[in-house]
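Structure record follows, encoded as structure tokens.
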Amino acid sequence: MSRVEALDVEEVDIVDIIGRVAAEDLASDIDISPFAHAAMDGFAMRAEQLAGATAENPVELDVIAEVPAGAWYDGDIKEGQCVRIMTGAPLPEAADAVVKYEIVGIVSGDGRQGSRVAFAKPASVGDNIRAAGEEAKAGEVIVHAGEVVHSAGVGFLAGCGVTRAKTYRRPTVAIIATGSELVDPTEVPTQGKIRNSNSYALAACAVDAGAIPTVLPISPDDFEGLKAEVLAAAAKYDFVVTSGGAANGDYDFIKKVVDDAGELLMVTVNMRPGKAQTFGIVNGTPVFGLPGNPAAAYLGFEMIIRPALRKMQGYSHFDRPHVKARLIGTQKKKDPRRIFNRATLSKDDEGYLVTPAKNQSSGLFGPIQKANCFVVLPEGDPCVYEEGALMDCVMLDIPEEVLL
Ligand code: AMP
Ligand code: MG
């Protein structure tokens, strides 16, 4: 996280800023609303005209004008008079309250101009009126730099005359799978080969993180070849992600490549799955070498790369929501690392329950597709978590800003 910063800014149409971070303070050019107006269809008058009105002794007023939305009435309203007014229409200068249609009786006519209407209750100053400048004053900042803009915010901006806004550029992410056993998903693998599934999961993770992924061709297990690929990608993209060849096998080259081509900063993380996590900087570009095992690669992206990609887009929340849940079944912790097991959260009257997937192999995507959280077994000595133990769970697919 300390090695990445927010990228440069771009100006976009406000609809395209949805879910992204405002990179500047955005202010209204006018008061919102620009004028006091009726919040209901009804009749406008001064509240004092209705003082003492009761069902037995209603106050009767003549309807002297009509103000639809978009029109304007600047005449007087004398004793014994009122104005028919529609929702959104400007409140006449001479009025200070609106009484909704539904509670007004008709004495003569149809309630429109020229009719006489009856009020069975008093009104208060300000009834059914939205004040001028109620939501914002001209020049007031309505969305601050650093704020995530939601769809309602886009409407607010439009109302305030802001149609284009600056946000942080989405990072471009190169995705390179390494492994001489890999073939494209369009091919049927021959003997000893498997399909490259990681690149597609990681590209999807990148999209989900707000980034723009490019899946580059598979790179065989070859030091020079991988180095050339990483160097080329580092020159062209904002972030480079590789998968495979991250451990200490005879054909694992990503650590050596990063060390040789740039600055190697990290090679392991005390977690499972996915201990081998390589990170470094090559010609100024972050390069992250994920393990090849699908669940390990996925976890590395979710826990380490995603926060970095979000920081590059100006976000300030980086942790997925966590909840405590009662364990269904038992969990054996065989390894001192922090373990993230794929699991499903459900809820009963007493709170959350968590059911870990039966197959926790790091080689599988399937259990993650079916899961909605990782259940965390904290780092420390091997132990057993019994049925009912209260476990920390990291929720997947829920935005970091959400409070649970
Ligand atoms: P490695 O990290 O290269 O030792 O790979 C660990 C395991 O993950 C091996 O079984 C690989 O075949 C598998 N693997 C590596 N890369 C991919 C990939 N792109 N898609 C699916 N599985 C992979
Ligand atoms: Mg390999």
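Loop only per DSSP, at most 16 neighbouring Cβ atoms within 10 Å: give me the GluC sites (Glu not before Pro) in the range 80-139, ordered by residue number.
Glu93, Glu134, Glu135
For the range 37-129, what is the Kirkwood estimate of the hydrodynamic radius, computed as the reciprocal of the mean inverse distance between distinct Cα atoms, to one decimal in Å?
Value: 12.5 Å, from the Cα pair sum.
Could you give me the ³J(HN,Hα) list for the range 224-237, computed from phi with Karplus coefficients 6.51, -1.76, 1.60 and θ = phi - 60°, whole Hz, x at Gly and Pro?
Taking θ as phi minus 60°, the curve returns 5, x, 5, 4, 4, 4, 5, 4, 5, 5, 5, 6, 10, 10 Hz for the range 224-237.
So if I take the alpha carbon set of the range 322-395, get Rg, then get Rh from the Kirkwood formula, what is the Rg over Rh ratio? List each step's numbers first, then the result.
Values: Rg = 11.6 Å, Rh = 12.3 Å.
Rg/Rh: 0.94.
From the protein chains alone at 1.4 Å, what is the descending order of accessible area for Asp392, Asp110, Asp349, largest first? Mind dumping the intermediate values first?
Working: Asp392 40, Asp110 105, Asp349 160 Å².
Per-residue accessible area, sorted high to low, gives Asp349, Asp110, Asp392.
Just to confirm the filter: which chymotrypsin sites (Phe, Trp or Tyr not before Pro) across the range 177-271 are DSSP coil and have at most 15 other Cβ within 10 angstrom of their Cβ?
Passing sites in the range 177-271 are Tyr251.
Along the range 106-111, what does the Karplus equation 6.51 cos²θ - 1.76 cosθ + 1.60 (θ = phi - 60°) give for ³J(HN,Hα), rounded to whole Hz, x for Gly and Pro?
These are the phi-based 3J(HN,Hα) values: 9, 8, 8, x, 10, x Hz.
Expressed as a rounded percentage, what relative contact order does the chain have, with Cα pairs under 8 Å and six or more residues apart?
Working: 989 pairs, mean separation 60.9, N = 404.
The value is 15 percent.
Please express the shape of the range 186-246 as an equivalent ellipsoid: the semi-axes are the square roots of 5 times the eigenvalues of the C-alpha gyration tensor, given largest first in whole angstrom.
Working through the eigenvalues yields semi-axes of 21, 18, 9 Å.
At a threshold of 8 angstrom on Cα-Cα distance, excluding pairs fewer than six apart, so keeping six or more, what relative contact order does the range 302-404 reach in percent?
39 percent
When only the heavy atoms of the protein chains count and the probe is 1.4 Å, how do Ile212, Ile368 rank by accessible area, highest first?
Order by accessible area, largest first: Ile212, Ile368.
On a 1.4 Å probe surface of the protein chains, which of Thr172, Thr242 comes out largest in accessible area, and what is the full order?
Largest to smallest exposure gives the sequence Thr172, Thr242.
So what does the Cα-only Debye profile of the range 298-339 read at q = 0.30 Å⁻¹, as log10 I(q)/I(0), no solvent term?
-1.06
What do you get when you divide the Cα radius of gyration of the range 77-195 by 2.2 N^0.38 Å, with N the number of residues? Write down the numbers at each step before the final one.
Values: Rg = 30.7 Å, N = 119, 2.2 N^0.38 = 13.5 Å.
Cα-based Rg divided by the globular estimate yields 2.27.
When Rg is the radius of gyration of the Cα atoms in the range 172-312 and Rh is its Kirkwood radius, what does Rg/Rh come to?
Ratio of gyration radius to Kirkwood radius: 0.93.
In the chain, what cysteines have no partner Cβ closer than 4.7 Å?
Cys82, Cys160, Cys205, Cys383
Pull up the DSSP beta bridges for the chain and report the antiparallel fraction as a percent, rounded to 5.
Taking every DSSP beta bridge with both residues in the chain, the antiparallel ones total about 70 percent.
Hey, could you grab the Kirkwood Rh for the chain? Inverse mean 1/r over distinct alpha carbon pairs, Å, one decimal.
Working: mean 1/r = 0.0385 Å⁻¹.
Kirkwood radius, the chain: 26.0 Å.
About the Cα centre of the chain, how large is the charge dipole given +1 on each Lys and Arg Cβ and -1 on each Asp and Glu Cβ? Please answer in debye to the nearest 20.
Result for the chain is approximately 1620 debye, rounded to the nearest 20.
Based on DSSP H runs of at least 4 residues, each adding -39500 (n - 2.57), what is the mean residue ellipticity at 222 nm of the chain after dividing by all its residues, to the nearest 500 deg cm²/dmol?
Rounded to the nearest 500, it is -4000 deg cm²/dmol.
Taking only protein heavy atoms and a 1.4 Å probe, what accessible area per residue, in Å², does the chain have with all protein chains in place? Write down the numbers at each step before the final one.
On the way: 19390 Å² over 404 residues.
Value returned for the chain: 48 Å² of accessible area per residue.
At a probe size of 1.4 Å, how large is the accessible area of Lys193, to the nearest 10 Å²?
80 Å²
The values are calculated or read from the model by the stated rules, or taken from the named source; none is laboratory data. Remember, predicted model here, so these are calculated numbers, not experimental data. We place every Cβ from the backbone using ideal geometry, glycine too, and count neighbours over all the protein chains shown. SASA here: full protein model, heavy atoms, side chains in, ligands and nucleic acids out. Shrake-Rupley method; radii C 1.70, N 1.55, O 1.52, S 1.80 Å.
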